[in-house]
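Step one of this worksheet: look at the structure below.
FYI, it's all coordinate maths here, none of it is from the lab. It should be emphasised that the depicted structure is a prediction, and the values quoted were computed from it without experimental measurement. So basically every Cβ, Gly included, is an ideal-geometry build from the backbone, and we count neighbours across all protein chains shown.
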Amino acid sequence: MDEDGAIGNLAELSQVIVAAFDVLRSGAQNRRSAFHTPVFSSLGLDGRPVSRIIVLREFDDGQRLLRFHTDIRSPKAQQIRHDPRVSFAFYDPSIKLQIRCEGHAVLHHNNALSAQAWDASQRMSRMCYGTAPAPGDEIHQADAFSLPGDDEAIAAGQDHFCAVVTEISTLEWLWLGFRGHRRARFIWDDNGHVEAVWLVP
């Protein structure tokens, strides 16, 4: 979509949030979408921000929920457990669109939601959760770790599998246009009511 396309012509805040939710939903469903692999940031145990790329697995626009998966042994899971405040940054250079989301993350481990997510995962993805030692542990050389070698060992990795679900409380939308950028912010309260405003880009 070029700079004279539909995104740049959005004139109402209600149109902007619909378009934002559309690209987030597409990002979760389409592995080739730039929105499929956003930057996810949490707060380290020492209070410093920590960022990394994750794979977006689901977006529920009705409840404003973003879901990805991680190993419950990972530093990421420890950070979320310590402080659930997190953020996501999405950017697609082909449409010059950035979306930033903030919210509180919840770890789903050994429950119905994580079991459903595990069942829907591909075998190759499941292998990652059987890594030994745990993700983030120090090792004495680059290849001093192992992956599960058979179906039984892969299945055992489910004990480490965790679905991370974040309810979006704030969303900022920024479109970079040749004839002028556009920026908007949406903040939801605890009752789901939204405050929407245009911002100076």
- If every Lys and Arg gets +1 and every Asp and Glu gets -1 at its Cβ, then about the Cα centre region 92-201 yields a dipole, in debye to the nearest 20, of 860 debye
- For the peptides 31-37, 185-191, what is the packing order when you average, over each peptide's residues, the other Cβ atoms within 10 Å and list the highest mean first? 31-37, 185-191
- Task: Multiply the residue gap between residue 46 and residue 22 by 0.36 nm, knock off their C-alpha separation, and tell me the result in nm, one decimal place.
- Result: 5.0 nm
- Stretch gain in nm, segment residue 37-residue 102, where the contour uses 0.36 nm per residue and the Cα spacing is subtracted: 21.8 nm
- Item | Tensor-based shape of the chain (alpha-carbon gyration tensor, a/c under 1.5 rounded, otherwise prolate or oblate) | prolate
- Query: What FRET efficiency would be calculated for the residue pair residue 134, residue 94, taking the C-beta separation as r and a Förster radius of 41 Å, to the nearest 0.05?
  - Reply: 0.65
- Expected unfolding gain across residue 78-residue 191 under the 0.36 nm per residue rule, minus the alpha-carbon gap, is 37.8 nm
- Just check region 5-104 against the gyration tensor rule for me: Cα atoms, a ≥ b ≥ c as the square roots of the eigenvalues, rounded for a/c under 1.5, and otherwise prolate or oblate depending on whether a/b exceeds b/c. prolate
- Message: Give me a comma-separated list of calculated 3J(HN,Hα) values for region 161-176, in order, Karplus coefficients 6.51, -1.76, 1.60 applied at θ = phi - 60°, integers in Hz, x for any Gly or Pro.
- Response: 6, 9, 9, 9, 10, 10, 8, 5, 10, 9, 9, 10, 10, 9, 10, 9
- Taking the Cα centre of the chain as origin, sum charge times position over the Cβ atoms of Lys and Arg (+1) and Asp and Glu (-1), and report the length of that vector in debye to the nearest 20. 400 debye
- Message: Once each part is reduced to its C-alpha centroid, what is the distance from region 13-83 to region 98-149 in angstrom?
- Response: 14 Å
